[in-house]
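Written below as structure tokens is the structure these notes are about.
Every number here is computed from the coordinates shown, using simple stated rules; none is lab data. Please read all numbers here as calculations on a predicted model, not as lab measurements. Counting neighbours? That spans all protein chains shown, and the Cβs are built from the backbone with ideal geometry, glycine included.
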Amino acid sequence: MLIGLTGGIASGKSKVSAFLKSCGAVIIDADEIAREIVLPYKPAWEQIVNKWGKEILKLDGTVDRFKLGSIVFSNYEELAYLNNITHPEIIKEIKKRISYEDAETINILDAPLLIEAGLFDMVDQVWLVSVNEETRIIRLMDRDKLSFDDAKKRIRAQMPLEEKKKYAHLIIDNNGLWKDTECFLQHALARLKEKEEIGF
């Protein structure tokens, strides 16, 4: 079973992913893969430097995600260009890591851009972490030390939550207390295992 876990920026998706891992799920982290494929001198890194120059690099040659983010999150065409560079490399690496060797194992593809990148076609179910925009803005400002306008830009650069809901098999409401989210996830995993056992 392969579950695609997604959610907008600052939705608490990483916390949900960590909890699912603690319950025995195998996590394939698309963000981790995204960082790996832009390491110095890899194909995606070279294309990024060719497009935006060495000004977006740190002293050690790695991509400065905040500098690049300030460019692409304020310009749709620039963001689309970056996605066209990174998405094929990310998808290639994800396919390498997906394993169905153990039919009883629940694999979680943790991917913020699961829907936007068309990765939902690779999974059995889509689980969406849902949080209202106001809460996400506050969390993003606090987490990344962004201004209100910059936080809103990053959220608005992503697919709207209501659009993502159309693809979701399960919506995880993470607006309230974390203990309530944990309880919901435990029940969701239990139902998933029961269905597998009876052959649904």
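Viscosity 0.692 mPa s, temperature 37 °C: Stokes-Einstein D of the chain from its Kirkwood Cα radius, in µm² per second?
Working: Rh = 18.0 Å.
The estimated diffusion coefficient comes to 183 µm²/s.
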Requested in this report: Pick out, from Ala190, Pro40, Leu170, the residue whose Cα sits farthest towards the positive end of the charge dipole of the chain, with +1 on the Cβ of Lys and Arg and -1 on the Cβ of Asp and Glu.
Outcome: Pro40
Query - Sequence-distant residues sharing a close amide H with Ile172 (under 5 Å, placed H) - result: Leu128, Val129, Ser130
**Report entry** Column: log10 I(q)/I(0), Debye, Cα scatterers of segment 1-98, q = 0.22, 0.24 Å⁻¹
**Finding:** -1.21, -1.30
Report summary line: As straight-line cross-link partners of Lys92, the qualifying aspartates and glutamates (C-alpha separation under 20 Å, not fewer than 8 residues apart within one chain) are Asp29, Asp31, Glu32, Glu36, Glu46, Glu101, Asp110, Glu116, Asp121, Asp124
Report summary line: Note: segment 51-102, point scatterers on Cα, Debye, no solvent; log10 I/I(0) at q = 0.19, 0.25 Å⁻¹ equals -0.74, -0.99
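Would you mind working out the magnitude of the charge dipole of segment 2-195 relative to its Cα centre, with +1 at each Lys and Arg C-beta and -1 at each Asp and Glu C-beta, to the nearest 20 Debye?
Details: 29 positive and 31 negative charges, 39 e Å.
Roughly 180 debye, rounded to the nearest 20.
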Query raised in the report: In degrees, nearest 10, range 0 to 90: what is the angle between the Cα axis of helix 43-52 and the longest Cα principal axis of the chain?
Result: 50
Requested in this report: Select from Leu140, Ser22, Leu119 the residue farthest towards the positive end of the dipole of the chain; place +1 on Cβ of Lys and Arg, -1 on Cβ of Asp and Glu, and compute about the Cα centre.
Outcome: Leu140
Report summary line: Relative to the chain, whose Cα atoms define the longest principal axis, helix 13-22 and its Cα axis are tilted in degrees, nearest 10, by 50
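So in the chain, what percent of DSSP beta bridges are antiparallel if you round to the nearest 5?
On the way: 1 of 18 bridges.
Around 5 percent antiparallel, to the nearest 5.
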Query raised in the report: Which links in Lys54/Lys96; Lys51/Lys165; Lys153/Lys195 stretch past 32 Å when you go from one Cα to the other?
Result: Lys51/Lys165; Lys153/Lys195
Query raised in the report: What are the extents of the Cα atoms of segment 83-170 along their three principal axes, listed from largest to smallest and rounded to whole Å?
Result: 46, 30, 22
Requested in this report: Using only Cα atoms, find the angle between the long axis of helix 133-144 and the longest principal axis of the chain, and express it within 0 to 90 degrees, rounded to the nearest 10.
Outcome: 60
Report summary line: Packing-ranked peptide list from 2-10, 31-39, 169-177, highest mean Cβ count within 10 angstrom first, is 2-10, 31-39, 169-177
Query raised in the report: Around Gly4, what is the net charge, scoring Lys/Arg as +1 and Asp/Glu as -1 over all other residues with Cβ under 9 Å from its Cβ?
Result: -2
